[in-house]
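Asker: Quick one: this structure, given as structure tokens, is what I'll be asking you about.
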Amino acid sequence: MTVAVRRTVGAAAATALLCAGAVACGGGSAESGTKSASADSGAAQALTAAYKKTAQARSAKVAMTMKSPSGLGGGSVRLSGTMGWNPTVMDMTMKGSGLDTGGADVPDSVRMIMQNDVMYVDGGAAAAKEMGGKRWMKLDLASLGKQADGALGQQMTGGLGSMDQDPAQQIAVLLDSPNLKHLGSATVDGERTEHYKGKLTVEEMVKSNDSLKVLGADERSRLLKNIKKAGIKDYDTELWVNKDDLPVRLDVTMGSAQGPVEMSERFSDYGAAVKVDVPPAGQTFDLMDSFGKLGKGTLQDS
């Protein structure tokens, strides 16, 4: 595998994991948390309404920017396209510094689509040339999540765990913040919005996450230990909601030992149709298999 294609694979895989949630560390329900006395009850009431409206909308157009410190790959990535939730589906195009430095063989942009917890990344002509005409890299996120405690899982996730970018679930996470606050009104992309903010520690995030309730006490303890070992400290979330109780902007910052990982999303056109046609099996190769072969030295640089 050439350096150029490997860079495309790595950048796309890291982005896919952050976007789609291979090891879910976020997301519950609007009723899952218990608010402390310091939480803003008015903000909680407003965001509960936003949670319900967003869950019902089930899709939107999204523009996302993610920035990571040098210790976690560095650079920034921009994505735009359409996302759906319940069920999760996505059709996004990625651009950014992770691709810009890859050389002449790396495409200027990469298309990523997802359906049924499987991500497909278009590696372009360079990937097709090396993989017998198969230009689409397949990443089974559910399978990767089961391997996250292993060395390959740590390599692929960068130790971050991950985040499910369903905006309704992100609102549920924010609602579980014991210091949830309403920061006032603000204009975002020409719309008048209400601005909210909250923070959760790693312990609070794991406790509030409904999707982790299937784990036993030992498994939850091990997950929490691994997240802390990776250097994740806390999660800051800011949300701007319009008059229709729908998110216009969502910012999430994860504090880590290497520095902050920052993500900002802009939402529009709620209810937009998301139809994904996954590539046929004859045009795909398994990304996990490729990384495994790479680690054993069976794929050579050219």
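What follows draws every value from the coordinates through simple rules; no lab data is involved. All figures in this text were calculated on a predicted structure; none of them were measured in a lab. Note that each Cβ is placed from the backbone with ideal geometry, even for glycine, and that neighbours are counted across all protein chains shown.
Asker: May I ask you to derive the FRET efficiency for D289 and E191 from their Cβ-Cβ distance with R0 = 35 Å, giving the value to the nearest 0.05?
Answerer: 0.15
Asker: Exposure proxy check: D245, D108 ranked by fewest other beta carbons within 10 Å?
Answerer: Neighbour counts put them in this order, fewest first: D108, D245.
Asker: Which of L239, L246, L287 has the fewest other C-beta atoms within 10 Å, and how do the rest follow up to the most?
Answerer: Listed from fewest to most nearby Cβ atoms, that is L246, L287, L239.
Asker: Take the Cα of T65, step 7 Å along the line toward its Cβ, and report every residue of the stretch 168-202 whose backbone nitrogen sits under 14 Å from that point.
Answerer: It comes to 189, nothing else.
Asker: Quick one: what are the phi-derived ³J(HN,Hα) couplings along the stretch 53-69, Karplus 6.51/-1.76/1.60 with θ = phi - 60°, whole Hz, x for glycine and proline?
Answerer: 5, 5, 4, 6, 5, 6, 6, 6, 7, 9, 10, 10, 10, 10, 10, 10, x
Asker: Let me ask another. Please tell me which of these pairs span more than 27 angstrom C-alpha to C-alpha: K67/K138; K67/K129; K138/K233; K53/K199; K95/K181?
Answerer: Over 27 Å apart, Cα to Cα: K67/K129; K138/K233; K95/K181.
Asker: Scan around G75 for amide H atoms under 5 Å from its own, H built in the peptide plane at 1.01 Å from N, and keep only partners 5 or more places away or cross-chain.
Answerer: S68
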